Every structure is written in C-alpha cells, then in structure tokens.
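Report on one structure; see the data block that follows.
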Amino acid sequence: MSKTITIDGKVIPFEDGQTIMDAAMAAGVYIPHLCHQPEFTPHGSCKLCTVKVNGRNCSACTYPAMDGQEVLNETQELIDDRKRITQMLFVEGNHLCPGCEKTGNCQLQAVAYHLNMLDNHFPAFYPEREVDASHPEVMIDHNRCIFCTLCVRASHEKDGKDVFAISGRGIHKHLIVNAESGLLKDTDMAATDHAAHICPTGAILIKRTGYQVPIGERIYDHKEIDQVSLAASGSRPVAALPPSMAVGTENIKNGE
Ligand code: SF4
Ligand code: FES
C-alpha cells in the first residue's frame, strides 16, 4: 500500500526519499519556490516554499515526506508570509523589472505576480552592487542576485567547476567567483555551462541574447509560474491517479 500525505486536505502519494516538494510537484500541486530545482541538491535558503507540517513551519524542498503528514500550503497566512519574503527579496537588491532584459523570463518577477505582490511594502535598501561584464560571453549583474545558490550548485554538481560561491552573511552576503582578480573573465566559466543558464533572475546573463525572444512572447507573459513549473516537472495531477491511489481525493476531483 502506498504511503500518503495530505496537502490542504488532498491525498498525495509519495515514495521513500521524496521531500514534500517532490511529492507535491509529482502530484500537480504547486508550492512556490525559488532556490529549488529538482535536479540539484535542495538548499532550503529562500524559504518561499514554507508550508505547515503538522502545525510547524518547514521548508517543503528539504523536509522529507512521511506517511500521514498533514501539510498546509495555500492558507492565507502562508500566502501572506511568502509575499513578505518576496517583497524582502525585492528591496534587498535592485530589481528594476522594466529595465531588465530577463523580464518575462524571471522567476522572481513571476512569483511576485503569482502572489499578487502589488508593492515592495518595505523601504528599498538600494545597495551598491557591481556589474561584472569582464567575460566575453557571460555577465553578472550583482544587483539582481537573490543568493539562491543555484549557480553555485550547478557549477559544482553539473559543470564540475566551482566557478561560484556565496561569501559573507546578512547584508554583506555576496556572490563571488573563483578567481584571484574577482572577475568572471579569469574563471573557467563558459557560456555553455549549466551554471550560465540556471539563474532564476537576471543576475547571470548570456551576452547579446537578451532580446532574441521579444517581450510579450516570454515564458511568463502568458502563463503563470505555477503552470510553467508543474508542466516542466512532468507532474501528474492527483485527480488522474489510479483509483487505488486516489482514496480521499473526491474533493479534488470535484474541484473543491
Ligand atoms: S547569480 Fe542567480 S543563480 Fe546565482 S545565487 Fe544569484 S540569483 Fe542565484
Ligand atoms: S524553495 Fe525551499 S527554501 Fe527555497
């Protein structure tokens, strides 16, 4: 008999070793996330995926699914918390969407829309951050880094290079590259590296490609991030599970 958790009352099957995020995504349930990508070791840093598990806040991307867990995902309290977290991410950096070539393809922007974020709520920090355009093909705009570490993990786990690391703490946290000069041009970064294409914001960009896809035809211009994310994960909505696994899912089938 398969093991199950419930998410907002829906019965979700899981396999041993899966996190709550894995189980949710596989069953077609979107939990907002920014620092998580299924092919990389979870990092649990952005906290956007916070859910309530048996009454306690946990990061869905790192917390293992366990039989009988009762998970809350879409409560007003959690949605409000996620909106505040996203607002903090915006004010901690310099995210000027209309002037960013990643607009429409940016996960931070798309999550903000998904959460109906209408303003920054907090005063902007306007931190002084630099742009590293030294590399012939790849540039880093530190203004847009949210320290998700996806480039760090991609460079290490996929490219076998360790081009990136995060240094410092709190307000002094910053992305560094593996070169004495501190410049990307002096690393072994290549435009074909996985790390060059993983950034959820416009912090790492491939030069001279920014407007190849026109504004209006970009990933999130016509679809919300939950649809895009679930489609990319190849998820299988719970309502489509075989009857033997769908016990207790009537409310989902009825769209309640
Ligand atoms: S540069 Fe992009 S991928 Fe790397 S830590 Fe910053 S936001 Fe994440
Ligand atoms: S997606 Fe889980 S902490 Fe970032």
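So, residue 65, is that one more than 28 Å from residue 217 (Cα to Cα) and touching a helix residue (DSSP H, G or I) at 6+ places or on another chain (Cβ under 6 Å) or not?
On the way: more than 28 Å from residue 217 (Cα to Cα): yes; touching a helix residue (DSSP H, G or I) at 6+ places or on another chain (Cβ under 6 Å): yes.
Judged against the criteria, residue 65 is a match.
Counting just the residues of region 153-179 that are closer than 20 Å to residue 85 by Cβ and β-branched (Val, Ile, Thr), which one comes out surrounded by the fewest Cβ atoms within 10 Å (Cβ to Cβ)?
In this case the residue turns out to be 171.
Return the total of residues in region 60-77 being crowded, with 20+ Cβ neighbours inside 10 Å, out of contact with any His (no Cβ under 9 Å at 6 or more places or on another chain) and more than 12 Å from residue 7 (Cα to Cα). Write out each step before concluding.
Restricting attention to region 60-77, the residues satisfying the condition of being crowded, with 20+ Cβ neighbours inside 10 Å are 60-61, 63, 65, 69, 71, 73.
So of that shortlist, the ones also out of contact with any His (no Cβ under 9 Å at 6 or more places or on another chain) come out as 63, 65, 69, 71, 73.
Checking which are more than 12 Å from residue 7 (Cα to Cα) leaves us with 63.
Count: 1.
Would it be correct to say that residue 208 is modelled with pLDDT of 95 or more and over 19 Å from the mean Cα position of the chain (by Cα)?
Numbers: modelled with pLDDT of 95 or more: yes; over 19 Å from the mean Cα position of the chain (by Cα): yes.
When the stated conditions are applied, residue 208 passes them.
When you scan region 51-64, do you find a residue that is at pLDDT below 95 and either over 17 Å from the mean Cα position of the chain (by Cα) or farther than 24 Å from residue 182 by Cβ (or both), even just one?
Yes, the conditions are met somewhere in region 51-64.
Just to be sure before I move on: is residue 95 under 20 Å from the mean Cα position of the chain (by Cα), part of a loop (DSSP other than H, G, I, E, B) and either within 16 Å of ligand 2 (Cβ to nearest atom) or farther than 19 Å from residue 121 by Cα (or both) in the structure I sent? Even if it seems obvious, please write down each step before you answer.
On the way: under 20 Å from the mean Cα position of the chain (by Cα): yes; part of a loop (DSSP other than H, G, I, E, B): yes; either within 16 Å of ligand 2 (Cβ to nearest atom) or farther than 19 Å from residue 121 by Cα (or both): no.
Criteria not met by residue 95.
Being basic (Lys, Arg) and touching a helix residue (DSSP H, G or I) at 6+ places or on another chain (Cβ under 7 Å) is the filter; apply it to region 146-195 and report the residue that is farthest from ligand 2 (Cβ to nearest atom). Before you say what the answer is, go through the steps one by one.
Within region 146-195, the first condition is being basic (Lys, Arg), and the residues that meet it are 153, 158, 161, 169, 173, 185.
Still in the running and touching a helix residue (DSSP H, G or I) at 6+ places or on another chain (Cβ under 7 Å): 158, 161.
Working: 158: 18, 161: 23 Å.
Checking each candidate, the answer is 161.
To keep it simple, each residue is scored yes or no on (1) in a helix (DSSP H, G or I); (2) at pLDDT 95 or above; (3) farther than 21 Å from residue 147 by Cα.
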| position | (1), (2), (3) |
| --- | --- |
| 35 | no, yes, no |
| 81 | yes, yes, no |
| 112 | yes, yes, no |
| 119 | no, yes, yes |
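What's the number of the condition residue 31 fails, among (1) over 16 Å from the mean Cα position of the chain (by Cα); (2) assigned to a loop (DSSP other than H, G, I, E, B); (3) away from ligand 1 (no atom under 16 Å from the Cβ)?
With (1) over 16 Å from the mean Cα position of the chain (by Cα); (2) assigned to a loop (DSSP other than H, G, I, E, B); (3) away from ligand 1 (no atom under 16 Å from the Cβ) applied to residue 31, the lone miss is (1).
Go through region 34-91 and give me each residue that's of a type in the set (S, T, N, Q) and within 16 Å of ligand 1 (Cβ to nearest atom).
Residues of region 34-91 that are of a type in the set (S, T, N, Q), as a first pass: 37, 41, 45, 50, 54, 57, 59, 62, 69, 73, 75-76, 86-87.
Those that are of a type in the set (S, T, N, Q) and within 16 Å of ligand 1 (Cβ to nearest atom): 37, 41, 45, 86.
Given the conditions (1) among the acidic types (Asp, Glu); (2) part of a loop (DSSP other than H, G, I, E, B); (3) touching a residue at least 40 places away in the same chain (Cβ under 8 Å), report the number of the one that residue 16 does not fulfil.
Failed condition: (3).
Return yes or no: is residue 32 within 16 Å of ligand 2 (Cβ to nearest atom), in contact (Cβ under 8 Å) with a residue 24 or more places away in the chain and either of a type in the set (Gly, Ala, Ser) or within 20 Å of residue 112 (Cβ to Cβ) (or both)? Walk me through it before giving the result.
Values: within 16 Å of ligand 2 (Cβ to nearest atom): yes; in contact (Cβ under 8 Å) with a residue 24 or more places away in the chain: yes; either of a type in the set (Gly, Ala, Ser) or within 20 Å of residue 112 (Cβ to Cβ) (or both): yes.
Yes: the conditions hold for residue 32.
Working only within region 99-120, note down all residues that are under 21 Å from the mean Cα position of the chain (by Cα) and free of Cβ contacts under 8 Å to residues at least 60 places away in the same chain. Write out each step before concluding.
To start, the set of residues in region 99-120 that are under 21 Å from the mean Cα position of the chain (by Cα) comprises 100-120.
Correct list: 112, 116, 117, 118, 119, 120.
Give the residues of region 58-72 that are part of a strand (DSSP E or B) and touching a residue at least 24 places away in the same chain (Cβ under 8 Å), sorted by residue number.
Quick first cut of region 58-72, residues part of a strand (DSSP E or B) only: 58-59, 64, 70-72.
Listed by number, the residues that qualify are 58, 64, 70, 71, 72.
The values are calculated or read from the model by the stated rules, or taken from the named source; none is laboratory data. Bear in mind the structure is a predicted one, so any value in this text is a computation, not a measurement. Ideal geometry is used to build each Cβ from the backbone, glycine not excepted, and the neighbour counts take in all protein chains shown.
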